[in-house]
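Worksheet: the structure to be examined is printed underneath.
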Amino acid sequence: MKREVFTWVAVLGISLLFFVFTGCAASAEAGAWTPSEILNEEYTFEELNPDEITTEWNDSYLFSSREAAQEELERLKQRSVEISETFRPEFEELSGSALLDYIETEKEFSRSFDVLYIYAYTGLSKNVNDQFFSSLLEDAQDLTTEHGKSTSFATIKLTSLPSEEWEQLFSEEPGLEEYRPYFEAVYIRFAEHRPEDEGQVAYLADLENQRMKLQTEAFSQITNNVTRAGNITLENGEEYSVNSQSYYTLLSTDPSRVNREKCYDLRFYHLIDESDSMAALYSEKSRLDDLVAKELNYNDSYEACLYDLYLTDFQVDEMNSVFKERKDIFEGYNDFRKTKLGLETLKPYDLSLELTEEPGEEYTYVDALKGVQKSYAGMDPCFNDIFLEMATGNFIDVYPDPEYGKQPGGYCYELCALQAPALIFMNYNGLISDQKTLTHELGHGINFYLMGNSVDYLYCTGQIYEMEIPSTFNEELFVDYVVENSDRDTAVAVLAQHIGEYQNYFAFQPMITEFEWKAHQLCAENGNASGAELNALWTELFMEYGSDSIEYYAEDSATWTYINHIYLTNNYYTFNYAVSKAITLALFKQYKEDPETFNENYIAYLSAGTTLTPEEKLIKYFGIEINRLLFEDAMDVVELRIAQLEELERDRNRPKFESATESMNVYSGSFWKVPVGE
């Protein structure tokens with residue numbers, strides 16, 4: 001299961017909560033640093049002080065009490081009414097000055113609302129059964145709906161203006177010019193996909209509200225029911241409770257294949273039992289998804305998703321075809337895993353076990369932070385500054401607590417409205433994968449903080465795949481550091497786990513999106529879908545993307561039931577992971593080739609937000625295009641990584657593992673010097 005973060009964006013004038021790796025950022029205020037200022041200073045690398053590390057959120061800087069949050073909700077409700085009453089008459093004969101006033105008023109409203117929503121959402125993440133936060137989140141979602149309705153006059157007006165009227169407004173009020181890219185991204189480009197009147201806006205807002213409620217319900221069901229499979233008896237006689245955290249812990253760390261099989265089987269069949277109830281929820285979500293899209297002149301929610309992302313179905317189809325055609329690349333990795341474990345056949349419960357001499361070795365949170373920090377040694381100093389502030393300032397909630405209702409998984413939630421570091425949500429168990437999750441989320445946090453202190457609030461957002469780039473880039477940094485600086489056993493284990501993650505990015509994540517698309521089609525044709533139907537669909541696609549060398553179960557799998565992403569209001573989320581990882585591997589080549597130039601471009605890229613379109617940013621700073629060649633190159637890198645893993649393993653008996661990396665020419669630089677497209 002991957003990680004998610006959330007943001008506010010205005011789409012057709014309606015504020016919607018998207019589960020995307022984007023962020024909202026405040027305009028730079030007096031005293032806030034910018035990346036260029038750091039680059040021009042002499043910098044002393046400050047090491048992390050373990051005594052200063054914090055492990056829980058302290059959200060008192062958001063609100064001093066629950067009562068204060070409730071009071072803010074009521075104030076915002078009244079403020080929404082005032083905005084509507086003030087600006088509705090102004091939009092009848094819209095002037096440049098009135099539009100500027102409206103946009104800046106809306107911006108301040110959104111900033112205040114952002115803080116409230118973050119407080120509600122993160123509070124509920126800590127305990128999905130907390131009725132106060134559940135109610136506050138529901139009320140905030142309702143406020144979103146009502147505010148979208150009350151300001152629908154602006155949506156209708158701004159999406160219907162011809163280009164000459166836009167130019168007239170810009171000429172009347174020079175202050176509007178800084179918002180030109182915002183108007184283009186949020187209003188102008190949606191002229192063909194706009195609501196016709198305020199009645200339709202109100203209808204759409206109600207549909208969005210229903211979708212948000214279904215999302216919240218799904219997360220509660222997943223936490224309380226779907227991922228709680230019951231108990232197994234381990235070989236040593238111990239009773240073991242299988243939940244969202246313990247399941248992955250056991251499969252990653254228990255050398256007993258009997259225990260792993262018991263754990264896997266219990267959850268495998270439990271998910272099937274839960275599939276009908278989750279299918280009913282998903283069917284209703286699917287119906288609403290496509291209904292909203294069709295109201296806005298899209299064929300379905302998939303077309304709407306791609307349009308929002310500035311991508312085409314051709315680009316995604318090319319990507320999927322590359323990954324399916326070249327899935328055999330991972331057979332070398334699977335053979336390596338099978339040999340390492342001394343097995344004749346790989347079963348599903350063999351795929352997560354850490355490939356160390358003693359699986360289950362725990363990496364303390366302090367040590368994980370130290371490793372992440374050291375991986376930043378070649379990056380711009382601002383990486384370390386932001387890292388230290390997040391690690392020591394109560395911005396990371398670290399440890400799992402599923403019995404108390406803590407949601408599984410992890411995410412990074414921006415605090416750009418306050419120009420503060422992001423909030424990171426973790427369920428850290430000390431596994432190799434947990435270290436990767438930590439550096440992944442810190443990558444998001446660095447991105448958000450750079451945007452929040454570099455560009456205007458309205459520009460600190462972005463499309464999902466581009467916002468995933470800093471997190472997946474962080475993963476490459478971390479793995480490179482570990483392989484170069486650890487003992488052979490650790491280097492092999494971490495690199496093996498990382499290649500498993502490539503398999504996740506380039507097979508499993510695109511497959512989830514294709515599952516969503518076909519599940520939506522199934523629901524559209526039949527009105528709904530049963531658990532058995534969705535299980536069969538999942539299994540069929542899994543065979544297309546998955547490995548032929550792994551002996552899966554004959555029964556159809558219900559793995560889809562617990563994947564948070566398919567219940568998001570933001571549909572077809574997961575293929576973005578594959579797009580971002582392919583881009584990341586291209587960027588990492590540039591980093592290895594010329595770190596200084598790369599850092600300069602990378603900081604500018606992370607700071608730019610939506611002042612440029614995704615395509616414009618990639619070309620301007622890195623000369624990269626999203627096409628078949630990009631994905632072919634990514635698979636080439638996977639092939640090289642697998643060869644590197646095999647060489648490290650062969651070299652384990654030599655006195656120094658550096659000879660293996662030298663023989664691969666990996667860290668002498670040539671491994672990463674193959675330009676994209678060659």
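Restricting attention to segment 334-348, the residues being buried (at least 18 other Cβ atoms within 10 Å of the Cβ), more than 26 Å from the chain's Cα centre (by Cα) and of a type outside the set (S, T, N, Q) number 3.
Within segment 358-379, if we keep just the residues that are assigned to a loop (DSSP other than H, G, I, E, B) and touching a Pro at 6+ places or on another chain (Cβ under 7 Å), the residue that is surrounded by the fewest Cβ atoms within 10 Å (Cβ to Cβ) turns out to be Gly378.
Restricting the first member to segment 96-110 and to residues that are closer than 13 Å to Gly175 by Cβ, and the second to residues that are among the acidic types (Asp, Glu) and surrounded by fewer than 19 Cβ atoms within 10 Å (Cβ to Cβ), the beta-carbon pairs closer than 6 Å and six or more apart or on different chains are Gly96/Glu172; Gly96/Glu173; Ser97/Glu173; Ala98/Glu90; Leu100/Glu173. Inspect segment 289-296 for any residue being within 30 Å of Gln497 (Cα to Cα) and part of a helix (DSSP H, G or I) and give the result as yes or no. No, because not a single residue in segment 289-296 is within 30 Å of Gln497 (Cα to Cα) and part of a helix (DSSP H, G or I).
Filtered by the rule that a residue be part of a loop (DSSP other than H, G, I, E, B) and of a type in the set (Lys, Arg), segment 335-357 gives a lone residue, Lys347. In segment 483-498, how many are surrounded by 20 or more Cβ atoms within 10 Å (Cβ to Cβ) and either not small (Gly, Ala, Ser) or not in a helix (DSSP H, G or I) (or both)? Counting residues in segment 483-498 that are surrounded by 20 or more Cβ atoms within 10 Å (Cβ to Cβ) and either not small (Gly, Ala, Ser) or not in a helix (DSSP H, G or I) (or both) gives 6.
Contact annotation: residue pairs with Cβ atoms under 6 Å, 6 or more positions apart or on different chains, pairing a residue in segment 72-93 that is closer than 10 Å to Phe153 by Cβ with a partner that is of a type in the set (D, E, K, R) and surrounded by 12 or more Cβ atoms within 10 Å (Cβ to Cβ), are Phe91/Lys157.
Within segment 436-448, not a single residue is surrounded by 22 or more Cβ atoms within 10 Å (Cβ to Cβ), touching a Ser or Thr at 6+ places or on another chain (Cβ under 9 Å) and part of a strand (DSSP E or B).
Can you confirm whether segment 238-256 contains a residue that is of a type in the set (Asp, Glu), in contact with a helix residue (DSSP H, G or I) (Cβ under 6 Å, 6 or more places away or on another chain) and within 30 Å of Phe631 (Cβ to Cβ)? No, because not a single residue in segment 238-256 is of a type in the set (Asp, Glu), in contact with a helix residue (DSSP H, G or I) (Cβ under 6 Å, 6 or more places away or on another chain) and within 30 Å of Phe631 (Cβ to Cβ).
Of Tyr553, Tyr572, all but one fail to be of a type outside the set (A, V, I, L, M, F, W, C), buried (at least 22 other Cβ atoms within 10 Å of the Cβ) and touching a residue at least 40 places away in the same chain (Cβ under 8 Å); the exception is Tyr572. Only one of the numbered conditions (1) at pLDDT 95 or above; (2) acidic (Asp, Glu); (3) surrounded by 13 or more Cβ atoms within 10 Å (Cβ to Cβ) is not met by Asp59, and that is (1). Any residue that is over 30 Å from Asn224 (Cα atoms), free of Cβ contacts under 8 Å to residues at least 40 places away in the same chain and not in a helix (DSSP H, G or I) - is there at least one of those in segment 578-595? So far as segment 578-595 goes, yes, one or more of its residues are over 30 Å from Asn224 (Cα atoms), free of Cβ contacts under 8 Å to residues at least 40 places away in the same chain and not in a helix (DSSP H, G or I). In the set (1) in contact with a strand residue (DSSP E or B) (Cβ under 6 Å, 6 or more places away or on another chain); (2) among the charged types (D, E, K, R); (3) part of a loop (DSSP other than H, G, I, E, B), Arg228 fails one condition alone, (1). For segment 385-406, the criterion of a residue being at positive phi and within 20 Å of the chain's Cα centre (by Cα) is satisfied by no position. Inclusion of Lys149 among residues that are of a type in the set (Lys, Arg), under 24 Å from Val81 (Cα atoms) and in contact with a strand residue (DSSP E or B) (Cβ under 9 Å, 6 or more places away or on another chain) is warranted.
The residue that is surrounded by the most Cβ atoms within 10 Å (Cβ to Cβ), among those in segment 575-604 that are of a type in the set (D, E, K, R) and more than 11 Å from Ala634 (Cβ to Cβ), is Lys592.
Taking the numbered list (1) among the aromatic types (Phe, Trp, Tyr); (2) modelled with pLDDT of 95 or more; (3) under 30 Å from Gly609 (Cβ atoms) in turn, Tyr264 passes all entries but (3).
Here the condition is being outside any helix (DSSP H, G or I) and touching a His at 6+ places or on another chain (Cβ under 8 Å); of Tyr573, Tyr552, it holds for Tyr573 alone. Of the residues Gly430, Gly405, the single one that is surrounded by fewer than 24 Cβ atoms within 10 Å (Cβ to Cβ) and either touching an Asp or Glu at 6+ places or on another chain (Cβ under 6 Å) or of a type in the set (A, V, I, L, M) (or both) is Gly430.
Out of the residues in segment 640-651 that are surrounded by 15 or more Cβ atoms within 10 Å (Cβ to Cβ) and among the charged types (D, E, K, R), which is nearest to Lys327 (Cα to Cα)? In this case the residue turns out to be Arg641. Selection of segment 109-142 for residues being farther than 19 Å from Ala218 by Cβ and either among the small types (Gly, Ala, Ser) or out of contact with any helix residue (DSSP H, G or I) (no Cβ under 9 Å at 6 or more places or on another chain) (or both) yields Ser110, Ser112. With (1) at pLDDT below 95; (2) farther than 30 Å from Gly452 by Cα; (3) within 25 Å of the chain's Cα centre (by Cα) as the list, and Ser549 as the residue in question, which single condition is left unmet? Result: Ser549 passes all but (3).
Scanning segment 276-313 for residues that are buried (at least 18 other Cβ atoms within 10 Å of the Cβ) and polar (S, T, N, Q) yields Ser283, Ser286, Ser301. When Glu354 is tested against (1) surrounded by fewer than 17 Cβ atoms within 10 Å (Cβ to Cβ); (2) at pLDDT below 95; (3) charged (D, E, K, R), exactly one condition is not met: (1).
Residue-wise test of (1) modelled with pLDDT of 95 or more; (2) in a loop (DSSP other than H, G, I, E, B); (3) buried (at least 22 other Cβ atoms within 10 Å of the Cβ).
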residue: Glu108; (1), (2), (3): yes, no, no
residue: Ile118; (1), (2), (3): yes, no, yes
residue: Asn129; (1), (2), (3): no, yes, no
residue: Phe132; (1), (2), (3): yes, no, no
residue: Leu136; (1), (2), (3): yes, no, yes
residue: Asp139; (1), (2), (3): yes, no, no
residue: Leu158; (1), (2), (3): yes, no, yes
residue: Ser171; (1), (2), (3): yes, no, no
residue: Arg180; (1), (2), (3): yes, no, no
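Taking the criterion of being under 18 Å from Asp276 (Cα atoms) and small (Gly, Ala, Ser), the residues of segment 489-528 that qualify are Ala519, Ala524, Gly527. For beta carbons closer than 6 Å, sequence separation of 6+ or different chains, a first residue in segment 362-388 that is under 18 Å from Pro400 (Cβ atoms) and a second that is β-branched (Val, Ile, Thr), the qualifying pairs are Tyr365/Val398. Scanning segment 435-460 for residues that are under 23 Å from Leu418 (Cβ atoms), within 13 Å of the chain's Cα centre (by Cα) and among the β-branched types (Val, Ile, Thr) yields no hits at all.
Filtering Lys157, Lys126 for residues that are of a type in the set (Lys, Arg) and out of contact with any strand residue (DSSP E or B) (no Cβ under 9 Å at 6 or more places or on another chain) leaves a single hit, Lys157.
The values are calculated or read from the model by the stated rules, or taken from the named source; none is laboratory data. Nothing here was measured: the structure is a model prediction, and the numbers come from that model. Cβ sites come from the backbone with ideal geometry, for glycine too, and all protein chains shown count toward neighbours.
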